[in-house]
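Bear in mind these aren't lab numbers, they're just calculated from the coordinates by the rules spelled out. Note that this is a predicted model, so its numbers are computed, not measured. With ideal geometry, Cβ positions are generated from the backbone for all residues, glycine too; neighbour counts draw on all protein chains shown.
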């Protein structure tokens, strides 16, 4: 039983947050946030993310420097002032609330090595008999306490044995040297601006030595990369790096022709992370989901909107103007079948023939040789190196599995200091490409920039470079997008957290640091002021006052949303009118007239009469053909009740028709005043009867 | 599992939003229309030397390919096929002599393809002779007839184009009145927004555009464009290319301001030059009549049955036992950081744009002089400078209202021409989406031995033998092709669909032949004799990543109420798999509305915390 249960778990990580709340943590230099507050924020942000991203990892919280003592090892005055606040559990909202309200600075100091031992003990005890993919301890401390180093070797040994990894978060950087970015793959630590080593107490200097000692003995040369500053942690996602679930392995064979095969494994290395949880619909008063019932009905496109049972429907596809009935069963049987997963080379080509802007799909796959297969490693290495030296790439057919669509993509060689792999990216099919032709820019007399304009832009560019040279002449990227966490998540979690705690408050504003992350770096902003002014004077840029008819759908992106709403509404209205007119009987005429009126109101309220006028012109023209004289008479009858007609509508393009079209205003009295929203709503949602007014 | 996701794209809200951008155009701004006006005079039927197809035949092949591509890519567009210079006449009111409307302006269907097939090849020429014949020519009447086709259309047309296919540079044998009438009618058409193109074909002695047609066709889009191709089309590919370049109206996905800094704003249009073409979604039909069926979705109150208006509903998410409720507007507001637009952050050398920083297909931007005048000049200056210095511009990009920002690299693209001096790549900036920290997964690299120079050299020989010139339009999507062949077969009552050629399959035999002994030589260098790369990997493969996959499926778990309650208390239900949760629901007789994991968890939590 137990065995089965265990298998049904997804492999996960366990992590203990171990925070120093001792009194030295509350000290701060004037104008600086105390370490305690900074560390609390780090923890809060981490837990917030775990909770709202519904991470399955288990998290424990150990505090040291607390007034009280509560831990499994406390005995005979040992391990005092260390509190296990929460044993391993999936983080939940409760934990967030507790951190907010109950996590307070303590008045004592405790040895951080002792706290580390308590954490190890907690991890071992709680994970006994369960399988975890990764175990990690995160220590947040200012190291400002006397520690006894005599047990250090034993501790390091048992950490190694239990395969527990460590991360340190300190108020200051571990050393002054600029640690270069580790290959540009992951969100690595960046150089902290704080002065190194300066102003550290004797205990802190000593503690720092011990931290270095532990980290380097655990991970050799990379160990120090897992020591962060508090400010680092707030900006980046450093804590998550350790417990990140690794992407699923995709074992496959790389084939070249019929006889050359290499065993490979692919991993999704880059892909857009999306918000996973969707919003449920609840009733506004009760907040109950069950109070809202959603009903989907199928109906024919006739005037009665005859309902049809779902079972009486079949599926079809449009083939141009035809709709071809094509049942699911037939479709499945006739559809393209791929013969399972593959990574087959179709040929090799020059890398320069593959254009960066033609990369398709939403991911990059890293392809390695199968793990622990040195022959495959050598074979793949030969391919990678051959491609690299020839500046070529493999064009491959890639299919994830039997059910998925095959792709054509490129596998580029990638040689790093520590490893080699192929990078696979999907390429377009012929059907995906659109050949648009655009007017010439460069040799166009009208748009040709002058020499002085070009040099103004040149100066602007120079002032806005995001890559700078440091003292050693190395170029440093000051704005690494791949180190910035997606603000969408942070904002969502902030709002969820806030609303969870304060259900009746309005949403909080975007956090200032989050906004700052998205702005141009201050230094660059300052530098480009003068060149920007120069550009401003040299280039006359003038907003063109738009004529109304130029507004189209494309404008809704940036310029005008209102117009989009109107156009759709009008479209729906004309569609509806045409539908109603198909049925020549008085009751439908009244509905048609109501629609025409609504259409006119829409046109007037949006200040765009052309749509309405041109529709009315064409309707009038079609009266004889469609035998609509009766309707037309009805429309004209209301002339006596005519209300004031708007200028826009009067500006009808065809003069001789103005009289008749003018008459339409009359009907407005019959139906009173409409609210735009209602019209749209009823036409989209009910679509059955307009008499609801 | 992005692959599987592709199938279920509609489940993903964000994807749906994107789709709306492309498909939505039709609903909002009307439809595109295209009239093929084809000369059917005797000259068109003269065969080329060496049995090359006649101009008429070439035109029909080209028209057919446009029809099929319209069916696949833009089935709402309207197309018409009109012949002039015919003996017979056929047009709506039969008011024009020698004008034969073969297809009225409509969205093309399967029957249209069959009709065009009748006009192809040797038999096609005979069929044309029989049904239409060749007779007098009056381009004026033909254009007039076409203008009637446009005005008879009740739908709103957004883009109107007319293409004249002819191999005669002079139409009316010196009849000045007819020439004048043609010019007047052409002017009328252009007045109503129709763009007239000339697709002129080879004529012995050369086609002189200036004789007559220069007054008929629309002026070029911009003055520097040569508008009239001096050279007539000789080959089908040329003609197809020329038609295709004109046939698609470029639509910007949106128009945005591109801000360089305080008050320096230009306007750009955002275009999609490549987007994954997917199978269109199915339409529901009534079983008995094959009529299309619509769906209506309504929300109503479970207790009183009243219809719920948008204001009567809110949005909620549940975390553990905590429900968090927001208004719909608030949910949208959360995603708002700034107004839509591009904001310049700065510049970086091109080598800082990493190959593996790819999350979405790129977009393309081009200046919009009509929005902000001066944009094109500023844009060109940026383009030239960036390209000269080999830099890209880093920008913050917000495509729509209430959409969170993304950072993008604007990569300069100078115009590229192909051998026939037509534009192969337009000038502008490619918009490359950059990943955030969250989008980059931590991958534990496999480290193994590397290859020796000898092994690498052998592989170089293999690579050399199998090299080819990659072209992005060389591969058709076999899934889509098969789908449309199937539909075609059903629509045209064919016995079975035409077979497709799957270009994504490796040409194994050819590759083997080219490699000769190289493959074996390479294997001898890297693999020991007893090594079989195709065999099942060693049993010890069972590492952390692959752990428990197969066994998990079999594990049928009966869980005690105790255990489940424990999970509820610790909020660890989420760790159980969907099958286990389903079993648990069954076990307690809990009816669930959905099969989504969260719904199962919510149902169990509700049941067990009672």
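Quick one: grab the alpha carbon gyration tensor of region A:357-444, order the square roots of its eigenvalues as a ≥ b ≥ c, and give me rounded if a/c is under 1.5, else prolate or oblate depending on whether a/b is larger than b/c.
Oblate is the answer for region A:357-444, as a/c is 1.5 or above yet b/c matches or exceeds a/b.
Taking the Cβ of each residue in A:128, B:511, A:430 as the centre, tally the other Cβ atoms inside 10 Å and list the residues starting with the fewest.
On the way: A:128 7, B:511 23, A:430 16.
With the fewest neighbours first, A:128, B:511, A:430 line up as A:128, A:430, B:511.
Quick one: grab the alpha carbon gyration tensor of region A:371-518, order the square roots of its eigenvalues as a ≥ b ≥ c, and give me rounded if a/c is under 1.5, else prolate or oblate depending on whether a/b is larger than b/c. Intermediate values should be presented prior to the final figure.
Values: a/c = 1.58, a/b = 1.15, b/c = 1.37.
Taking the square roots of the gyration eigenvalues as a ≥ b ≥ c, region A:371-518 is oblate.
How large is the convex hull of the Cα atoms of region A:57-123 per residue, expressed in Å³ as a whole number? Walk me through the intermediate numbers first.
Working: hull volume 5.3 nm³, N = 67.
Spread over its residues, the Cα hull of region A:57-123 gives 79 Å³ apiece.
How well do other chains shield peptide A:326-339, expressed as the mean number of their Cβ atoms within 10 Å of each residue Cβ?
On the way: counts 8, 3, 1, 0, 2, 5, 0, 1, 9, 5, 11, 3, 5, 1.
The mean count of partner-chain Cβ atoms within 10 Å per residue comes to 4.
Average partner chain C-beta neighbours within 10 Å, per residue of A:401-407?
Working: counts 3, 0, 3, 8, 12, 8, 6.
Mean number of neighbouring Cβ atoms from other chains: 6.
Taking 25 Å as R0, compute the FRET efficiency from the Cβ-Cβ separation of residue B:94 and residue A:623 and round it to 0.05. List each step's numbers first, then the result.
On the way: r = 24 Å, r/R0 = 0.94.
Efficiency, from the Cβ-Cβ distance: 0.60.
Give the peptides A:326-337, B:281-292 in descending order of average Cβ contacts within 10 Å, highest first.
Numbers: A:326-337: 13.7, B:281-292: 15.6.
Peptide ranking by packing, descending: B:281-292, A:326-337.
So, in nm, how far is label residue B:524 from label residue B:467 when the simple model puts each one 7 Å beyond its Cα toward the Cβ?
Taking the two extended label points, one gets 2.5 nm.
If you build the convex hull over the alpha carbons only and average its shadow over all orientations, what do you get for chain B? Give it in nm² to one decimal. Walk me through the numbers on the way to the answer.
Values: hull surface 163.3 nm².
Mean shadow area of the hull around the Cα atoms is 40.8 nm².
Go ahead and estimate [θ] at 222 nm for chain B from helices alone: -39,500 (n - 2.57) per DSSP H run with n ≥ 4, summed, over the residue count, rounded to 500.
Details: 18 runs with 206 residues, N = 610.
Computed mean residue ellipticity for chain B: -10500 deg cm²/dmol.
So what's the gap between the Cα centers of region A:5-84 and region A:377-455, to the nearest angstrom?
Centre-to-centre (Cα) distance: 46 Å.
Using only the alpha-carbon atoms, what does region B:31-247 span along each of its principal axes? Please give whole angstrom values in decreasing order.
45, 38, 38 Å, listed from the longest principal axis down.
Ranking B:407, B:347, B:300 by Cβ neighbours within 10 Å, fewest first, what do you get? Mind dumping the intermediate values first?
On the way: B:407 20, B:347 24, B:300 16.
Least to most surrounded, the residues fall as B:300, B:407, B:347.
Using per-residue counts of other Cβ atoms within 10 Å, averaged over each peptide, order A:269-281, A:359-371 from highest down.
The densest-packed peptide leads the list: A:359-371, A:269-281.
Let me know the mean shielding of A:455-462 by other chains, meaning the per-residue number of their Cβ atoms within 10 Å of its Cβ.
Values: counts 2, 3, 9, 5, 1, 8, 10, 3.
Mean partner shielding for this stretch: 5.
Between helix B:236-247 and chain B, what is the angle of the helix's C-alpha long axis to the longest principal axis, kept within 0 to 90° and rounded to the nearest 10?
70 degrees
Taking the highest mean first, how do the peptides B:146-157, A:481-492 order by number of other beta carbon atoms within 10 angstrom per residue?
Numbers: B:146-157: 17.0, A:481-492: 20.7.
Highest to lowest by the protection proxy: A:481-492, B:146-157.
What angle do you read, to the nearest 10 degrees and between 0 and 90, between the alpha-carbon axis of helix B:139-151 and the longest principal axis of chain B?
It is inclined by approximately 30 degrees.
By counting other Cβ atoms within 10 Å of each Cβ, how are A:18, B:167 ranked from fewest to most?
Numbers: A:18 26, B:167 22.
Starting with the residue having the fewest Cβ neighbours, the order is B:167, A:18.
Stokes-Einstein at 25 °C, 0.890 mPa s, Kirkwood radius from Cα pairs: D for region A:311-387 in µm² s⁻¹?
On the way: Rh = 17.9 Å.
Here the translational diffusion coefficient equals 137 µm²/s.
Rounded to two decimals, what is Rg over Rh for region B:404-454 when you use alpha-carbon atoms and the Kirkwood radius? The partial results should precede the final answer.
Values: Rg = 20.0 Å, Rh = 15.6 Å.
Radius of gyration over Kirkwood radius for region B:404-454 works out to 1.28.
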